[in-house]
1. Applying 1/(1 + (r/R0)^6) with R0 = 30 Å to the Cβ-Cβ distance of Asn64 and Arg265, what FRET efficiency is obtained, to the nearest 0.05?
2. What's the whole-number percent of alpha carbon pairs in the stretch 101-262 lying beyond 22 angstrom?
3. If you take the beta carbon distance between Lys52 and Lys172 as r and set R0 to 35 Å, what does 1/(1 + (r/R0)^6) give as a FRET efficiency, to the nearest 0.05?
4. Helix 3-12 versus the longest principal axis of the chain: what angle, 0 to 90°, nearest 10, using Cα atoms?
5. Please list the radius of gyration and Dmax for the stretch 130-199, considering alpha-carbon atoms only, with Å as the unit.
6. Express in nm, to one decimal, how much length is gained between Lys115 and Asp82 on full extension, taking 0.36 nm for each residue of separation and deducting their alpha carbon distance.
7. Which order, highest average first, do 214-223, 46-55, 194-203 follow once you tally other Cβ atoms within 10 Å for each residue and take the mean per peptide?
8. Give, as ranges by residue number, the residues of the stretch 146-174 whose backbone N falls under 18 Å from the point 7 Å along Cα→Cβ of Asp234.
Amino acid sequence: MSLDSLQEYMRLGGYSARTIVAYSDCLTKIEKHFSKPIKEISRDEFRSFLDKLVSKGFSGQTINQYHCAFRLIKKEICGERDKIDFPYSKKRKKLPIVLSRIEIEKMLEVTRNFKHRMMLALAYGGGLRVSEVVNLRVEDVDLLELVVYVREGKGGKDRMSVISKKIMLELKELMMGKSGKDFVFSSERGGKLSTRTAQMVFKKALKQARIEKEASFHSLRHSFATHLLENGTDVRYVQELLGHANIRTTQLYTQVTNPKLKNIRSPL
């Protein structure tokens, strides 16, 4: 089967552009590994392939992405109805890496580039993913209501989040002279910033602030959720702001903010 067939099916099915790219990459790598088209790859062969990924230390999320792509292609594209009965990989439940309020203030303080500082501030202040930040357009920022509209976030869903009043005037300055369709954080060449560039901006700020945590750009989103819960915001509202489909995903942050556990003193 061709890559074009998969991409056409997924576009018609309303899959997000990000998922289409991910599944296309899976298809390419699977066929390259076996040196034959996916329709000729048996379930047993593919199961052995996944087992090798496990032994090489690939994450459960990555393994499940290959699994999902294989199932979709075999069932919907190749038209096979044989049951694929091997299980999905269990995801490891790790506590999110959260930056303190002081650490975030230090990161913003050491980021001298105005645009970069605003990008980090808006991501933290609204709980935005890195892809949502770089794709943000001027028309989706409402400074009067202090809200930001995320278009086609994870899962292709739109949602609304908040903007801090502290950065309202600076954001207004950043967007001055731009049209509604322009990207808020445009590159020097006029297009949008790449997610890689945004991640590099974060890593540079983390290093300059001398923060030793193994944090990533996504830690700004983790910190947003954690700090809202610490402020007493209802977990259901936090769920809506983050765009989580299942409240159990949001409840993970309650393990970080649990004051009863934090107040326990070691007997040593």
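We did not get these values from a lab; they are worked out from the coordinates using the rules stated. As the structure is a prediction and not an experimental result, all values here were calculated from the model. No Cβ is skipped: glycine too gets one built from the backbone with ideal geometry, and neighbour counts run over all protein chains shown.
1. Given R0 = 30 Å and the Cβ-Cβ separation, E is 0.15.
2. 41
3. 0.10
4. For helix 3-12, the angle is close to 60 degrees.
5. Final numbers for Rg and Dmax: 11.9, 32 Å.
6. Extra length available between Lys115 and Asp82 comes to 6.6 nm.
7. Result, highest mean first: 214-223, 194-203, 46-55.
8. Within reach of a label on Asp234, which here means backbone N under 18 Å from a point 7 Å along Cα→Cβ, the stretch 146-174 contributes 160-162.
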